[in-house]
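Taking it in order: structure first as structure tokens, then the write-up.
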Amino acid sequence: MKILERYILQENMKPFLVSLLVLTFVFILDKLIDLLNLIIEKKLDIPAIVSVFSLSLPFMLALSVPMAVLVATIMSFGRLSVDNELVAFKSCGINIYTLMRSTVFAALLLSLFMIYFNNQILPETNHQLKNLLIRLHYRRPVTNIRPGVFTTIKNYTIYASDVKDDELIGIIIYNREGTNFPQTITAEKGLIELTEGGNNFKATLFNGQVHERDDRDPAKYTLQTFATLIIHLPDLGYQLNAEDSEYRSDREMSSRQMRQINEDRLLEISAAEQQISRLTARNETLREEISLQEVRREVERNDNLIAMQENKIIDLETKIRQFQVEIHKKYAIAFACLIFVFLGVPIGMMIRSSGVGIAFTASAVIFIIYYICLVSGEQLGDKGYVAPWLAMWVPNLLFGSIGIYLVVSSTKSMKTISFRKFQDKISFFFNRVSKQKELRQ
């Protein structure tokens, strides 16, 4: 029996690795299209591009691994079915449950690993990727200045007739800082860069003039020429300091971190509810003397404070739900590996095809439906229409139930899905439609 289990695992391993590589490559191409504009504008070098894609890889694997399990299961059991090996196993008294045992056990181990992966590796790489993209976005600030367009940065408005690589041509700068009459600076060309982690702006201008008018005496006009002029603009507010980069969204935190934050939020809700109770009790006491103006003002002030605390509670509850949804999502996607085995085994047996195209097509349809259910559940859970755990686990429960039903049904009758008949029906339908159009004409 161990030989048979190893044989089944070997049948699954090769298509799993191949499909994992193909699916990850597809996700990389999709990511490449999204980042192509950034790569061209910022002229990223090879190390920067490699860093972006290597940090994006864990997010891709979180989706491609479950789908690769589904593709591999359909392909392997489809091949066993088309080669009549399943019939041979059945004639020897080996049922489908025995054949599935090694695959299910391997999928369970993979699901447990994906739980660790989604909680430890993925959040950290998402955090590093976010910081890297922020740094790359401000790597060449000259790309944010468009030729022939006025660009405002705090108290400075910058215009350039042309932009060539990192150099601005035909520059006009209006400086409105600390004056009623803007200082006008013109230059033949100049360079712009960000310093101090992106928070400070530095412009180096060449061969230009500075036009100024005195605030106290508008009739007084000053004109200065320069060969080189350096302009510093501190504190742009881009928040690229190391301490600010430690901020993490829900996609950049583990389940433990989110649970800890939710516990703190629950304490805030409890404190807000206690304050509401105190203010409400105070208002009940004051209403006996509501005729006094000072009392009315205090009651109104307390009502406003109560409304503020109620809005705070609503906001905290919304954030708690979002974190709970994200926590369950990490586990639900991980266990999709196991769910897809129960779904892929009977589908592979019914399709009776070892073709890669059919397996990928069936897997893509199933995974798209699964992902739509997952995203829809996430939105419903965030808005509070459905409990967070139910919103994330319904797709697994639904697809798992369908898979178990198909597995049980396959032990009773070996039904197959004929794609030839399906194609013939589609061709017949389109031929009939075309003939009806000809008759109408």
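List of remarks:
- Gained length - Asp215 relative to Ala88, 0.36 nm times residue gap less alpha-carbon distance: 36.0 nm
- Virtual spin-label span in nm between Ile121 and Asn155, 7 Å along Cα→Cβ: 5.1
- Amide H contacts of Ile94 (H built 1.01 Å from N, under 5 Å, at least 5 apart or other chain): none
- The range 255-323 shape via C-alpha gyration tensor axes, a/c threshold 1.5: prolate
- Karplus-derived HN-Hα couplings along the range 393-404 (A = 6.51, B = -1.76, C = 1.60, θ = phi - 60°), whole Hz, x at Gly and Pro: 9, 4, x, 5, 5, 5, 5, x, 5, 4, x, 5
- For the range 256-398: rounded, prolate or oblate by the Cα gyration tensor [a/c cutoff 1.5]: prolate
- Farthest positive-ward along the range 1-134 dipole, Cα basis, beta-carbon charges - from Ile3, Leu21, Leu122: Ile3
No lab work stands behind these numbers, since they all come straight from the coordinates. In this text the structure is predicted, and so the values were computed from the model without any measurement. Positions of Cβ are generated from backbone atoms using ideal geometry, with glycine treated the same way; all protein chains shown enter the neighbour counts.
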